[in-house]
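Q: Pasting a structure below so you can have a look.
The values are calculated or read from the model by the stated rules, or taken from the named source; none is laboratory data. All values derive from a computational prediction rather than experimental measurement. Cβ placement follows ideal geometry from the backbone for every residue including glycine, while neighbour counts extend to all protein chains displayed. Calculation scope for accessible area: heavy atoms of the full protein, side chains included, ligands and nucleic acids excluded. Shrake-Rupley method; radii C 1.70, N 1.55, O 1.52, S 1.80 Å.
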Amino acid sequence: MEGDVVIIGAGLIGLALARELAQRGASVRVLDTGEPGHAASWAAAGMLAPSSEGLDGSFYELCSASLERYPAFAAELHAQTGLDVHLRREGFVSPAYDDAGLEFIEARAAEARARGLHARMLTTAQTLQLEPALAPVRAAVFFEHEASVDNRRLGRALRAAVECAGVRVDEGLPWVRVAATQRRVNGVETAQGFISAPVVVNAAGAWAGGIEGVPEHARVPVEPVKGQMLALAMPANLVRHTIYARHGTYLVPRDDGRLLVGATGERVGFDTRVTAAGVQRLLERALRIAPGLKDLALVETWAGLRPGTPDSLPYLGAGALEGYFLATGHLRNGVLLTPITAELVADAIEGRTPRISLAPYAPERVRAASNVAS
Ligand code: GLY
């Protein structure tokens, strides 16, 4: 079996890259050892929020460029598949409850304004008018440019889009192994046979650091960062905007009437259990933000693994082997970065200069940093 590109990982990043490459005329296969979309891509809250997440520098610019791409990305997927990914563009509200919180959101608002974005400070009354379910706040900032997407719907739409484009997705494989010399990749070995390919992309999310067959010098460290989440069934429009509180607690309304509450951030290996302490922490924080949520039905709990890197930046672009590329390590921003990752990594694979430099995300930086340290 032959192909131009084999992508390991059928999450949002792997599928979006497959779609992009197929649209550019490449022959692409996607392989996954699990059921596609049941890792971070499925577990995420789908927030598209570079300001609320407090990102800065070139990483902010990358995330912001991806946010700008989202309306067209969602529309293209709808046109290709008929599937609506429920992009919600009402904006984010970040509340403050005390002096420290106020200082924090004012700093975030000032950063956003310096970037030419609307970041409106709201009084207590204005906040409660916008979101009556919230506990009285000291003040809040309204980031009107931020959005959310239903990441599970996005996964289904991308899957349908790649299949329309003729990409074969093999899921549930017992194992995959990169076939490589010390210098270059030759393809991927699987339980079903060898797939010869000049280009192999590691888009394996939290599992990206452990892909077998990659020579030692081309490996990159990736650590799973567990996020526990839960969903409440809410009456229509009880919460209309995403509420993003300090310390990373958020309430994300979905068009299907669920209100997502997230998330923990735990470095506990590949453990995806939902724990009593995790649920307790989420509920305590959510009820502090909006006490009226206490009577809502708890309809789902889950946990997923974010792919963490030593400097919390993704690995994008060429790896240390000819034909080996990475598109992983997106940590808290994989859903947000999906469209721009697909575009820029496809450019790198094609040998074109991407419109945004991938230098800060070069997988080699990790090796360079460890050489300096040793
Ligand atoms: N992007 C939010 C989170 O990872 O929890």
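Q: From the list 31, 21, 17, 48, exactly one residue is within 13 Å of the ligand (Cβ to nearest atom), at negative phi and not β-branched (Val, Ile, Thr). Which is it?
A: Just a single option satisfies the conditions, and that option is 48.
Q: Can you name the residue in region 313-348 that is polar (S, T, N, Q) and closer than 17 Å to residue 226 by Cα and, of all such residues, is nearest to the chain's Cα centre (by Cα)?
A: 333
Q: Here is a follow-up. Could you list, in sequence order, all residues of region 79-121 that are open to solvent by 50 Å² or more (accessible area, probe 1.4 Å), in contact (Cβ under 8 Å) with a residue 60 or more places away in the chain and out of contact with any helix residue (DSSP H, G or I) (no Cβ under 9 Å at 6 or more places or on another chain)?
A: 90, the sole residue that qualifies.
Q: Whether any residue in region 301-312 is within 19 Å of the chain's Cα centre (by Cα), among the polar types (S, T, N, Q), surrounded by fewer than 17 Cβ atoms within 10 Å (Cβ to Cβ) and under 26 Å from residue 213 (Cα atoms) is what I want to check.
A: Taking every residue of region 301-312 in turn, at least one turns out to be within 19 Å of the chain's Cα centre (by Cα), among the polar types (S, T, N, Q), surrounded by fewer than 17 Cβ atoms within 10 Å (Cβ to Cβ) and under 26 Å from residue 213 (Cα atoms).
Q: Residues to consider are 3, 34, 11; find the one that is of a type outside the set (A, V, I, L, M) and crowded, with 22+ Cβ neighbours inside 10 Å.
A: It is 11.
Q: Here's another thing I want to ask about it. Considering only residues that are more than 13 Å from the ligand (Cβ to nearest atom) and within 13 Å of residue 336 (Cβ to Cβ), which ones fall in region 52-65?
A: 59, 60, 61, 62, 64, 65
Q: Taking the options 128, 154, name whichever one is within 16 Å of the ligand (Cβ to nearest atom), out of contact with any strand residue (DSSP E or B) (no Cβ under 7 Å at 6 or more places or on another chain) and open to solvent by less than 60 Å² (accessible area, probe 1.4 Å).
A: From the options 128, 154, the qualifying one is 154.
Q: Within region 324-374, restricting attention to residues that are among the β-branched types (Val, Ile, Thr), buried (at least 16 other Cβ atoms within 10 Å of the Cβ) and away from the ligand (no atom under 16 Å from the Cβ), which residue is modelled with the lowest pLDDT?
A: Only one residue fits best here, namely 366.
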